[in-house]
Amino acid sequence: MEDVQQRHANPVVVDAGSGNAYLGFVVYELFLKDSGGGELLSIEGRPDLTERAKGRAERLHFDRMRFQTAHIDAAEYPERIHVLMALHACDTATDDALVAAIKHGADHVAVVPCCQAEVAAQLKEKKAKPAGSMSLLFQHPWHRREFGSHLTNVIRALTLESFGYQVTVTELTGWEHSLKNELILGRRVHRDNRRARLQLQALLAETGVQPRLTRLLGITPAGAGSEPMPDVEPEPVQDAVPESAPES
Ligand SMILES: C[S@@+](CC[C@H](N)C(=O)[O-])C[C@H]1O[C@@H](n2cnc3c(N)ncnc32)[C@H](O)[C@@H]1O
C-alpha cells in the first residue's frame, strides 16, 4: 500500500471474495481514509454480505469503498488495478482473483488461498497411471489433499513469476489462528519471465495436472520433445513497481 500510494494519487485496491469485507475496512481505515484519494472495491458473490458491508461503509462514511455482488471471474473491474488481495477465497476463486490481477496489471498481489480440491481430484485420476515414484506422494487421500493443495500453490507462485512478478511465499499469522496460512505475495517487476514460464510448463507436464489458473491463462504443459530450459533473463518493464516510476 505504501508503495502504490507513493506512486499513484488514486490507487485502486481490489478485495476479491471479500465476505463481510473486514480486510477491506482495515485497509481503508489504515491507508485510504485520510489519504484523500484512491478507492477500494470489494467483490463478493453473496448479495447479503455485500449489502451488509455497504451499509457499514455508509455509516462509517468510508465513501471510497465500493461493493459489487459478482463472481470474481465475471466481475466488472477498473481497467487498472494497483493492489489485488484475496483472503481465503474458496477453492478456485483464488485462481480467478489471480487472473484478474494479471489481466489488469496489478502492481501488487496478496493472496491467502483457502481449501483446494481441484488438483487433488486431478491427481486421483492420474493415480490410475502412475509415472515413477512421484505418485507415491499422493496415494493416500490425506496426502493427495495436502500434496494437491501444495502443488496448486506452487503453480500459483510460478504463474505469477511467469507474468513478471517477484514472488514471496510466507505465513500469514500464527498457526493457532488459521490453518489456511500461506501468504503468496507478488510484486510486478518484469513484463514476463520466460524461464519461469518454461519451469511451469515442465511442472504441469511432469505432474499431469492442469488447474483452473493455467487453463484460464492458456498455459499448456511442456510437450514431450520440448527444448531444454534456457537461461533467459526476464525483461524489465517501464511501469514496474520499484522506486519512482511515473504515475499511470
Ligand atoms: C472464507 S470467506 C472469506 C471472506 C473474507 N475474505 C475474509 O477473509 O473475511 C470466502 C468468501 O468468498 C466468497 N466467494 C467464494 N467464491 C467466490 C467467487 N467465485 N466469487 C465471489 N465470491 C466468492 C464467499 O461467498 C465468501 O464470502
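The values are calculated or read from the model by the stated rules, or taken from the named source; none is laboratory data. These numbers come from a predicted model, not from an experiment. Reconstructed Cβ throughout: ideal geometry from the backbone, glycine too, with neighbour counts over all protein chains shown.
General observations
- Residue within the stretch 165-187 that is assigned to a loop (DSSP other than H, G, I, E, B), more than 19 Å from CYS114 (Cβ to Cβ) and not β-branched (Val, Ile, Thr) present: no
- Cβ pairs under 7 Å, 6+ apart, first in the stretch 86-101 and assigned to a helix (DSSP H, G or I), second crowded, with 23+ Cβ neighbours inside 10 Å and among the basic types (Lys, Arg): LEU98/ARG156
- Of the numbered criteria (1) modelled with pLDDT of 95 or more; (2) more than 10 Å from the ligand (Cβ to nearest atom), the one GLN116 fails is (1).
- Residue in the stretch 93-112 that is away from the ligand (no atom under 13 Å from the Cβ), closer than 24 Å to GLN166 by Cβ and among the acidic types (Asp, Glu) present: yes
- GLY24 meets each of the listed conditions (1) small (Gly, Ala, Ser); (2) modelled with pLDDT of 95 or more; (3) over 21 Å from the mean Cα position of the chain (by Cα) apart from (3).
- Restricting VAL4, VAL26, VAL13 to residues that are crowded, with 22+ Cβ neighbours inside 10 Å and more than 8 Å from the ligand (Cβ to nearest atom) narrows the list to VAL13.
- Each residue in the stretch 45-63 was checked for being assigned to a loop (DSSP other than H, G, I, E, B) and away from the ligand (no atom under 15 Å from the Cβ), and 3 of them qualify.
- Out of ARG80, ARG66, ARG156, sole residue that is under 18 Å from LEU40 (Cβ atoms), within 16 Å of the ligand (Cβ to nearest atom) and either in contact (Cβ under 8 Å) with a residue 12 or more places away in the chain or not in a helix (DSSP H, G or I) (or both): ARG66
- Residue list for the stretch 29-44, restricted to those being within 16 Å of the ligand (Cβ to nearest atom) and in contact with a Gly (Cβ under 9 Å, 6 or more places away or on another chain): LEU40, LEU41, SER42, ILE43, GLU44
- Taken over the stretch 6-44, the criterion of being of a type in the set (Asp, Glu) and in a helix (DSSP H, G or I) is satisfied by GLU29 alone.
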